[in-house]
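The values are calculated or read from the model by the stated rules, or taken from the named source; none is laboratory data. Keep in mind the model is a prediction, meaning the values are calculated, not measured. Cβ sites come from the backbone with ideal geometry, for glycine too, and all protein chains shown count toward neighbours. To get the accessible areas, we keep the full protein, side chains included, count just its heavy atoms, and leave off ligands, DNA and RNA. Shrake-Rupley method; radii C 1.70, N 1.55, O 1.52, S 1.80 Å.
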Amino acid sequence: MSDDKKKIRRASTPAMSGWAKLQRGLTPAAVSSEVLAAAERHTRVPLRIRRQEYVIAWGLALSTAWVATLELPGQYAPWVLALLALAIGGWCRQYPAQHTAMMMLRASILLVGLTAVQLSLDGAASHSLFRFWPVVLAAGYALIAERRWAIAILLICLLQFGATTALLGVSGASLQSALASLGIVLVWPIVSMILARPVHQSVAQIEASLSDESSGLYNAAGLLANGRDLMSQHVRSEEPIAIALVRYRDRAGAERLLGRQAAVRLMGRTLRVIAARSGGAAIAARVGSNEYALLLPGRDSKQARALLRSRLGEPAQLSTELNGTVVRFELEWTATSPRPEIQTIELLYKRVRDKLIMQGAPADSTARDD
C-alpha cells in the first residue's frame, strides 16, 4: 500500500456533510480558502461583459488622438496618453478581467496616466481638453461593472479630478469651468448606473442560471452558452482552442473523507485558479456529478495538457489537510482540440467526453495524445 493511501486510510472518518467537515476537519487555512472561493463567486465578471471592457480604453485612445491632432499639434504628451489607453485596451482584449477588481485597477492606471499628462501641459485651456476622460471612464464602467464597483470607480475619478484641479491652481473663470465639468463628471455616470441597473439584474439572473453553486463554476449550460461564442471566434479566426475534462478517480473515497460538498468545492477551487491563470476567457464548469470541464481558448491540446500537468502534477492529484494530515486524491483527465469537422462546442464536448470514457482508468492519470 502506498504512503498516500496509508495517509488516507488513517484519516478516514464516517461520512458527514461538507460544511460539517469544513467546521471539524479542515485546517483554518483551508476554511479561509473556502471563504475566499465563496467571495470570488460573487465578484466574477460574466464572460460576455468582460470581453467588452477594451471598448472603453480604445474609445479614449481614439478621442485623445483626435484632440491631440486638432487642438495640441506638436505636443507629444497627449500621444503618450493615447498610446497608454491603446495598450490598456489591448490588455483588456487579450486578458479579459476575471473579477471587477481588475477593471478598477485598469481604470486607476488610466487615471494616473491622465494626471501625469494634464500636469505636463501648459495652460488651463490645454489640460481642460482632457476633462472628458473621467466622465468616459466613470460612465463606461458604470455600464459594465456592478454598482458598488461602479461607485468606487466614480469616486476615484472624482478624486483625480479634484486633485488635478488643486495641483494646477485653477482659479477665476477656469475654476467656474472646472465646477461645470464636475457636474458632468457626476451626472453622466449616475445616469449610466440607472440605465444599466435593469441590464445588470437580467445578466445576474442569467449568470445564476448558468452557474453551479456547489463548485462556484459554470454548469453544463454555462459551458455551452459561453462556449458557443468562443467556438465561433475559433472558427472565424482559426485561433487554437482546447477543452479538458477532469474527474476524481475515486469520487466515493473523496466524498467519504471530505463530505460531498467539500470535495466539489476543492475541485472547483482548483479549476477556478487554473482558469484564472490561463487568461480571462478561459471557462471552468462542472458538467456532471463528477465531471469538470476547462475550455481554454488560445491553447491547442498539447498546450492544454502541459498546463494541466504543471498544475495538477504527474500523476494528477488534489491535496488538502484533514485533521492535520495531508490527504491526496488522484484524478483522471484528458484534453483535446477540435478537428476541422468539429465547429460547435457541443461536438467538442462530446469528443472530449468520449475520449475520457475510452481512456478509462489507466495506470497513471496523464492524458493520451490525439
inquiry  = Within segment 212-370, what whole-number % of the accessible surface is contributed by carbon and sulfur, with the 1.4 Å probe and all protein chains included in the calculation?
reply    = 47 percent
task = Counting only heavy atoms of the protein chains, get the accessible area per residue of segment 232-370 (1.4 Å probe) and round it to a whole Å² value.
result = 43 Å²
message = Report the gain in length on full extension from LEU167 to ALA204: 0.36 nm times residue separation, minus Cα-Cα distance, nm rounded to one decimal.
response = 9.2 nm
query = How many nm is it between the label spots at ILE184 and ALA221, if each spot is 7 Å from the Cα in line with the beta carbon?
reply = 4.4 nm
task = Work out from phi, with θ = phi - 60° and the Karplus expression 6.51 cos²θ - 1.76 cosθ + 1.60, the ³J(HN,Hα) of each residue of segment 105-116, listed in order in whole Hz, and give x for Gly and Pro.
result = 4, 5, 4, 5, 4, 4, 5, 5, x, 4, 4, 4
For segment 231-369, alpha-carbon Rg over 2.2 N^0.38 Å = 1.05
key: Label-reachable residues, segment 250-282, where backbone N falls under 20 Å from a point 7 Å from GLN94's Cα toward its Cβ   = 275-282
note = Its Cα gyration tensor gives segment 141-238 an equivalent ellipsoid whose semi-axes in whole Å, largest first, are 41, 16, 12
key: Mean Cβ count within 10 Å, highest first, over the residues of peptides 317-324, 90-97, 108-115, 199-206   = 108-115, 90-97, 317-324, 199-206
note = Quick shape check on segment 298-365: root eigenvalues a ≥ b ≥ c of the Cα gyration tensor, a/c under 1.5 is rounded, otherwise prolate if a/b tops b/c, else oblate, and it reads prolate
query = Stretch ALA101-SER177 to full length: gain in nm at 0.36 nm per residue minus the Cα-Cα span?
reply = 24.1 nm
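State whether segment 76-116 is rounded, prolate or oblate according to the following rule on the C-alpha gyration tensor (a ≥ b ≥ c being the square roots of its eigenvalues): a/c under 1.5 gives rounded; otherwise a/b larger than b/c gives prolate, and the remaining case gives oblate.
oblate
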